[in-house]
1. Could you work out, for the chain, what percent of all Cα-Cα pairs fall into each 5 Å distance bin, beginning at 0 Å and stopping at the bin that holds the largest distance?
2. Using 0.36 nm per residue of separation minus the Cα-Cα distance, give me the extension gain between Lys11 and Asp74 in nm, one decimal.
3. Specify the residue with the greatest mean-square fluctuation among Val34, Val71, Val45, computed from a Gaussian network of the chain linking alpha-carbon atoms under 10 Å apart.
4. What FRET efficiency comes out for the pair Asp53/Gln20, r = Cβ-Cβ distance, R0 = 25 Å, nearest 0.05?
5. Can you give the local net charge around Lys61? Use residues other than it whose beta-carbon is closer than 15 angstrom to its beta-carbon, Lys and Arg +1, Asp and Glu -1.
6. Please work out how much length the chain gains when fully extended from Ser32 to Met1, using 0.36 nm per residue of separation minus the C-alpha to C-alpha distance, in nm with one decimal.
7. For n ≥ 4 DSSP H runs only, could you compute -39500 (n - 2.57) per run for the chain, divide by its residues and tell me the 222 nm figure to the nearest 500?
8. For the charge dipole of the stretch 2-79, defined by +1 on Lys and Arg C-beta atoms and -1 on Asp and Glu C-beta atoms about the Cα centroid, which residue among Ala25, Ala51, Val76 has the Cα displaced farthest towards the positive pole?
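Every number here is computed from the coordinates shown, using simple stated rules; none is lab data. On a predicted model such as this, the values are computed, not experimentally measured, just so you know. Every residue, glycine among them, receives a Cβ derived from its backbone with ideal geometry; neighbour counts consider all protein chains shown.
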Amino acid sequence: MARVIVDVVLKPEILDPQGQAIARALPRLGFSGVSDVRQGKRFEVELEGPADDAAIAEVRKMAETLLANTVIEDFVVRVEG
């Protein structure tokens with residue numbers, strides 16, 4: 001069994017209002033030195049078999065089809081562990 005992580009974030013040119021709200025709140029909470037925050041999503045996909053090239057390609061297809069809106073979001077697929 002393998003776990004594959006898909007991290008999805010807005011593309012750099014897309015405004016991120018939630019990230020901006022977090023960045024503005026941090027100084028009020030005593031955190032300093034943060035110049036920007038980008039908010040995203042994380043998906044953990046448990047595979048029945050090994051995370052071989054075919055399985056990773058299948059997860060990548062899942063991300064392109066369902067997990068990410070590739071018009072406005074970028075994603076990264078990686079095997080955990």
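1. Taking every Cα pair in the chain, the percentages come to 3, 14, 21, 16, 13, 12, 10, 6, 3, 0.
2. Numbers: separation 63, 0.36 × 63 = 22.68 nm, distance 0.56 nm.
Gain on stretching Lys11 to Asp74: 22.1 nm.
3. Its mean-square fluctuation being the largest, the pick is Val34.
4. Values: r = 38 Å, r/R0 = 1.54.
Efficiency computed from Cβ-Cβ geometry: 0.05.
5. Values: positive: Arg60; negative: Asp52, Asp53, Glu58, Glu64.
Charge balance in the 15 Å sphere: -3.
6. Values: separation 31, 0.36 × 31 = 11.16 nm, distance 4.12 nm.
Extending this stretch completely gives an extra 7.0 nm.
7. Working: 2 runs with 22 residues, N = 81.
Mean residue ellipticity, 222 nm, calculated: -8000 deg cm²/dmol.
8. Projecting each Cα onto the dipole axis, the largest value belongs to Ala25.
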